[in-house]
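Written below as structure tokens is the structure these notes are about.
The values are calculated or read from the model by the stated rules, or taken from the named source; none is laboratory data. As the structure is a prediction and not an experimental result, all values here were calculated from the model. Cβ coordinates were reconstructed from backbone atoms using ideal geometry, including for glycine residues, and neighbour counts include every protein chain displayed.
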Amino acid sequence: MGQTLLDKVWDAHSVRELPNGQTQLFIGLHLVHEVTSPQAFQMLAERGLAVRYPDRTFATVDHIIPTDESTRPYVDGMAEQMFVAIEQNVEQTGIPFFDRSTGRQGIVHVIGPELGLTQPGMTIACGDSHTSTHGAFGAIAFGIGTSQVRDVLATQTISVAKPQCRRISVSGKLADGVFAKDVILAIIGRLGVQGGVGYAYEYAGDVFDAMSMDERMTVCNMSIEGGARVGYVNPDETAYAYLQGREYAPNDADFDSARQWWTDVASDADAAFDDRVDIEGESIAPMVTWGVNPGQVLGVDDLIPSPDDVEGLERRSIQDALDHMKLTPGAPIAGTPIDVAFVGSCTNSRISDLREAARVAEGGRVPAHVKALVVPGSQQVKTEAEAEGLDDVFRAAGFEWRDAGCSMCLAMNPDKLVNDQVCASSSNRNFKGRQGSPLGRTLLMSPAMVAAAAVAGEVTDVRAMAMG
Amino acid sequence: MSDDGRITHVAGTGVPVRGNDIDTDRIIPARYLREITFETLGPHAFEDERRQLNGKHPFDDARFTGASVLVVNRNFGSGSSREHAPQALMRRGIKAIVGESFAEIFFGNCTTIGIPCLTLPATQIESLQSLIEEEPETALEIDVGSGTITAGQAAYQAELPASVREAFVSGEWDALSSLLESNDAISAVHDRLPYITGWPAR
Ligand code: SF4
């Protein structure tokens, strides 16, 4: 019986079995950002420990950074304090740091791949649950808490139990107007927000084979929203072509050797999985969330569910979600008016996402009462988009064009919903309060659907709008 | 907790917080991630919900003041990996959590900071929550080693993965000390990874 990529990467990075039965796992690449790291550096200092391999950790700033202000000190004193903390920490420990002055700053899950730091066969950890994004390259990548950030800094290892492996195969082709975001929302809708607890998800099949790296990242990014801490796609020529020539990727002389190792790390054809799920690509429609977790999702032409459809605590969950969202059971989700449109976040802020959104926005006009903003995932994405003139398309259509950061995905910076505004968002979480207002209402969808909603002022089927 | 870090028993009163899929954004809103220390988080646990419920949230209910066992439903702690969530609960006085199920990163974060998270079937959670609501002064006692939870006259048999139970009972729930022991083995793995030490010539 063959092995999965998970098996192989796990074995290659296993230091030992700990007395508690978990694995002491070596972390090949560690990424840190300003929000979940200061306490870890503090704990390290308190125990008198040094950073074991400073050249295996890379830092950037993304969560709290203002995207409409670039002069220091920042107006927001707490943001400024966080910046000073990370600057001091990287300075004292010798960790490479991509701040704005480097031109390589951005959301940690956007810049890792972009710089070629993220590679197949690695173990990757970051104090951020969307670290699963990096699995798009065939890495085993997962989020950790701050105490574990401390562990990685001190030992380059963590204590972790090996997950089981579920292969999710999506066959066939996606319809026009259906994107990677819709695929992962459909998967979460089907398996539930805790369906993946204890599992790594291996995404396979025609649909993933045909996807670009940007698209695979969108899918792997949201694995955690389905409860799976890890999600990956086996590395292939698409991944290798993406990596070639990137700053931290193997150089041309080494590339063939690296490619061989990467190819060997992919799951064997006869690998055994703990579970399998098959989905037909053709069955997936553009998806929109209607509730307060990403599993509360439906096709854009579906009707909002009713609590009467189910029993028990589940009924309460639906009622609770409908109360928060102020939506009517049985009504169509299409046509729901929006107040804000947000294109951005580590799920959908890469160049291809911005291109799709721009294609839909072009020639349209965001109504005056809708606030629409586009926040590129990194400085490099921003530069590339501007070279293609996407910023002009967005501005002409009435969108704000911002600097790179997490922005309204979690609203730690000044970009926040107000009161009970409804936001069409390309981000990954529709939790209560996630976008900065406790009463705020988030509808997750693909960037093209966000652009369509922005221009129409309401949830709209992008298939009807731009594709015809 | 004993001086050597062993966590074998948790005793105290309980507080039920009902609902499935309570995510870490709800446990601690992102604006409190702006602090560079965990120390001040305690009073802000569930802040937005508490404000909306206007004093009716269990964390504001005087009957549950001083509770050390939190009793929750399904998939508690989903979403963000922020350790701020269990840190806020811990600094509020929570020493153990009993629920139908937990999100994985949250569960790991709790273990690392010394909060056992035990699971019970949905119906038993329901009964435990009701019991606490009806008689908030009921003394709860959790035997971490055996998973037995006694609540007044009632007893429940909860589950905890063997590795985690062992970690609490032996006092090694904070993994760092054991991780630090394998110095040479860490170097050996580091040195054999081609993406770190160099790709073999072809
Ligand atoms: S964009 Fe959102 S989900 Fe992604 S890392 Fe930033 S805050 Fe987290």
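Of note:
- Those residues of the range A:309-332 which are away from every other protein chain (no Cβ under 12 Å), over 17 Å from A:D420 (Cβ atoms) and assigned to a helix (DSSP H, G or I), in sequence order: A:D309
- Pick from the range A:115-142, criterion within 14 Å of the ligand (Cβ to nearest atom) and assigned to a helix (DSSP H, G or I), ranking: surrounded by the fewest Cβ atoms within 10 Å (Cβ to Cβ): A:S129
- Evaluated against (1) in contact (Cβ under 8 Å) with a residue 24 or more places away in the chain; (2) at the interface with another protein chain (Cβ under 8 Å from one of its Cβ atoms); (3) of a type in the set (K, R), B:R92 falls short on exactly one condition, (2).
- Some residue of the range B:33-55 being in contact with a strand residue (DSSP E or B) (Cβ under 8 Å, 6 or more places away or on another chain), assigned to a helix (DSSP H, G or I) and either modelled with pLDDT of 95 or more or within 9 Å of chain A (Cβ to nearest Cβ) (or both): no
- In the range B:64-80, the residues that are buried (at least 24 other Cβ atoms within 10 Å of the Cβ) and at positive phi: B:N75, B:G77, B:G79
- Residue within the range A:326-334 that is more than 16 Å from the ligand (Cβ to nearest atom), free of Cβ contacts under 8 Å to residues at least 24 places away in the same chain and under 23 Å from A:K181 (Cβ atoms) present: no
- Scanning the range A:394-420 for residues that are away from the ligand (no atom under 16 Å from the Cβ) and either within 14 Å of another protein chain (Cβ to nearest Cβ) or surrounded by 23 or more Cβ atoms within 10 Å (Cβ to Cβ) (or both) yields A:F394, A:F399, A:N419, A:D420.
- Exactly one residue out of A:R229, A:R246, A:R259, A:R315 is modelled with pLDDT under 95 and either surrounded by 14 or more Cβ atoms within 10 Å (Cβ to Cβ) or small (G, A, S) (or both), and it is A:R315.
- Filter result for the condition that a residue is touching an Asp or Glu at 6+ places or on another chain (Cβ under 7 Å), within 16 Å of the ligand (Cβ to nearest atom) and at pLDDT 95 or above, over A:G145, A:G172: A:G145
- Any hit, the range B:2-13, residues being among the acidic types (D, E), buried (at least 23 other Cβ atoms within 10 Å of the Cβ) and not in a helix (DSSP H, G or I): no
- Being more than 18 Å from the chain's Cα centre (by Cα), more than 22 Å from A:G196 (Cα to Cα) and surrounded by 23 or more Cβ atoms within 10 Å (Cβ to Cβ) is a property that A:R100 lacks.
- Pairs, first β-branched (V, I, T) in the range A:68-80, second assigned to a loop (DSSP other than H, G, I, E, B), C-beta under 8 Å, six or more apart: A:V75/A:P66; A:V75/A:E69
- Residue check for B:A122: under 12 Å from the mean Cα position of the chain (by Cα), modelled with pLDDT of 95 or more and not acidic (D, E): no
- Only residues that are over 9 Å from the mean Cα position of the chain (by Cα) and either within 21 Å of A:G433 (Cβ to Cβ) or within 16 Å of the ligand (Cβ to nearest atom) (or both) were counted in the range B:88-98, giving 3.
- Checked against the criterion of being within 9 Å of chain A (Cβ to nearest Cβ) and more than 10 Å from B:V71 (Cα to Cα), the candidates B:E133, B:E104 yield just one match: B:E104.
- Residues that are among the acidic types (D, E) and within 11 Å of chain B (Cβ to nearest Cβ) were ranked within the range A:26-81; the one that is surrounded by the most Cβ atoms within 10 Å (Cβ to Cβ) is A:E34.
- The single condition among (1) in contact (Cβ under 8 Å) with a residue 12 or more places away in the chain; (2) surrounded by 24 or more Cβ atoms within 10 Å (Cβ to Cβ) that A:S437 does not satisfy is (2).
- Of all the numbered requirements in (1) within 14 Å of the ligand (Cβ to nearest atom); (2) touching a residue at least 60 places away in the same chain (Cβ under 8 Å); (3) in contact with a helix residue (DSSP H, G or I) (Cβ under 8 Å, 6 or more places away or on another chain), A:I107 misses one, and that requirement is (3).
- Residue within the range B:14-27 that is small (G, A, S), surrounded by fewer than 24 Cβ atoms within 10 Å (Cβ to Cβ) and within 13 Å of chain A (Cβ to nearest Cβ) present: yes
- Filter pass, A:T289 being within 16 Å of the ligand (Cβ to nearest atom) and on the phi < 0 side of the Ramachandran plot: yes
- Evaluation of A:V90 against (1) away from chain B (no Cβ under 14 Å); (2) outside any helix (DSSP H, G or I) (one fails), failing number: (2)
Residues checked against (1) surrounded by 23 or more Cβ atoms within 10 Å (Cβ to Cβ); (2) in contact (Cβ under 8 Å) with a residue 12 or more places away in the chain:
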{"position": "B:L128", "(1), (2)": "yes, yes"}
{"position": "B:P136", "(1), (2)": "no, yes"}
{"position": "B:D143", "(1), (2)": "no, yes"}
{"position": "B:I149", "(1), (2)": "yes, yes"}
{"position": "B:A158", "(1), (2)": "yes, yes"}
{"position": "B:W173", "(1), (2)": "yes, yes"}
{"position": "B:I186", "(1), (2)": "no, no"}
{"position": "B:R202", "(1), (2)": "no, no"}
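- Single match in A:A453, A:A464, A:A448 (criterion: farther than 28 Å from B:E49 by Cα, more than 12 Å from the ligand (Cβ to nearest atom), surrounded by fewer than 24 Cβ atoms within 10 Å (Cβ to Cβ) and among the aliphatic types (A, V, I, L, M)): A:A464
- Close pairs (7 angstrom Cβ cut-off, 6 or more residues apart or separate chains): buried (at least 21 other Cβ atoms within 10 Å of the Cβ) in the range A:353-369, among the charged types (D, E, K, R) anywhere: A:D353/A:D214
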